[in-house]
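Below is one structure, written out as structure tokens; the observations come after it.
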Amino acid sequence: MRALIAALCLAALPAAGQSPFPVNIGGPFTLVDQFGRTRTEADPEGRAQLVFFGYANCLNICSTALPLMAEVVNVLAEDGITVTPVMITVAPDQDRVETMGAPLAEIHPDFIGLTGDDVALQEAYDAFAVEVTPLFQDPEYGWIYAHGSFVHLLDASGEMLTLLPPILDVDQAADIARGYLEPQS
Amino acid sequence: MRSSISAALAALLMLLAPPTGAQAAEGTRIQVTGEIIDTWCYYSGVMGSPDAVVGSAHHTCALWCSAGGIPVGLLAEDGTVYMVLKVGDDTESASGDTMLSLAAHTVEADGMLYQRDGLNYLVVANVVSDMDITNQNHNDYGNVPPFSIPDPNK
């Protein structure tokens, strides 16, 4: 069944021509990763990036989107396309430099978590039109947040390529990404 | 079971294949009538068949999903699903007040259609008509899923 859907999805992908983005998404940011290194919208290894706004212990859409990103990264790697999965935290009180690495590494060893001070994070949220709303405080997991849930495909310089709705399955998402990325030599 | 799978497959195809079979070069203004749906439960199938995860049966879960960041969609009368990027001044694809107030409602929307990567994206400029929840399918399915309304005795 999945193979049939994947084949049909592949057939449905556009051959040429794209609508422009209806909203202006993407832009510069400067944050800090789980190793304490400064990272901007550009990937230091020159790789394309999948960027998602969420938090490491989120039980809602992140528990779907982050594993989806990891699987897409693995599928693309089989084609020689190396992509870095990146999560920008919407919960800096929970995702600190010293805490966010371990849960992200469980999802994918290459996952980069980014945090920063309020000003730096707001700059990133504004660039990607992401709103963050605290919903309620879970006694076990802390604050639960509402936040944007699209996965953003960026090139190595941080330029926005396209959106990946988190409801897509791995094959669909990977097919879309392949339309924008070339295998590394 | 087979009909549920067929319906889900048909809906998936409607999402992925532009109605015209062509890729629009730029946005196209459209008027479309349909239900504001929870796209995750509709496509994943984890909460039930496509017929059960819409309408009044799925209203509470749709609110939870929208609040949690799941993108909302508009399920048109012809089965096409549009990913709703924003409604009016609402800057979010989900979880804004407008999205929550429209969950499971049937609306007539006026907006711009953008077709990208084989997906239909809709920016709703104006909700011309909000017909409330017209699909009263809780009579057939109850509350889907039942746990979306917490049991006060637990």
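Scanning the stretch B:52-70 for residues that are of a type in the set (A, V, I, L, M, F, W, C) and modelled with pLDDT under 85 returns B:64, B:65, B:67, B:70.
Yes/no per residue for (1) at the interface with chain A (Cβ under 7 Å from one of its Cβ atoms); (2) among the acidic types (Asp, Glu); (3) surrounded by 23 or more Cβ atoms within 10 Å (Cβ to Cβ); (4) within 19 Å of residue A:163 (Cβ to Cβ):
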| residue | (1), (2), (3), (4) |
| --- | --- |
| B:70 | yes, no, yes, yes |
| B:77 | no, yes, no, no |
| B:81 | no, no, yes, yes |
| B:116 | yes, no, no, yes |
| B:121 | yes, no, yes, yes |
| B:127 | no, no, no, no |
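Of all the residues in the stretch A:112-125, those that are crowded, with 19+ Cβ neighbours inside 10 Å and of a type in the set (A, V, I, L, M) number 4. Of note, residue B:85 satisfies the criterion of being modelled with pLDDT under 90, in a strand (DSSP E or B) and closer than 23 Å to residue A:66 by Cβ. Restricting B:128, B:54 to residues that are within 11 Å of the chain's Cα centre (by Cα) and over 23 Å from residue A:52 (Cβ atoms) narrows the list to B:54.
Remark: pairs (first residue in the stretch A:159-185, at the interface with chain B (Cβ under 9 Å from one of its Cβ atoms); second residue of a type in the set (Phe, Trp, Tyr); Cβ separation under 7 Å; 6+ apart in sequence or on different chains) = A:162/A:180; A:163/A:150; A:164/A:150; A:165/A:150; A:166/A:150; A:167/B:40; A:167/B:43. For the stretch A:123-157, enumerate the residues that are modelled with pLDDT of 70 or more, within 14 Å of chain B (Cβ to nearest Cβ) and outside any strand (DSSP E or B). Answer for the stretch A:123-157, where residues must be modelled with pLDDT of 70 or more, within 14 Å of chain B (Cβ to nearest Cβ) and outside any strand (DSSP E or B): A:125, A:126, A:127, A:128, A:129, A:130, A:131, A:148, A:149, A:150.
The values are calculated or read from the model by the stated rules, or taken from the named source; none is laboratory data. Because the structure is predicted, anything quoted here is derived from the model rather than measured. Counting neighbours? That spans all protein chains shown, and the Cβs are built from the backbone with ideal geometry, glycine included.
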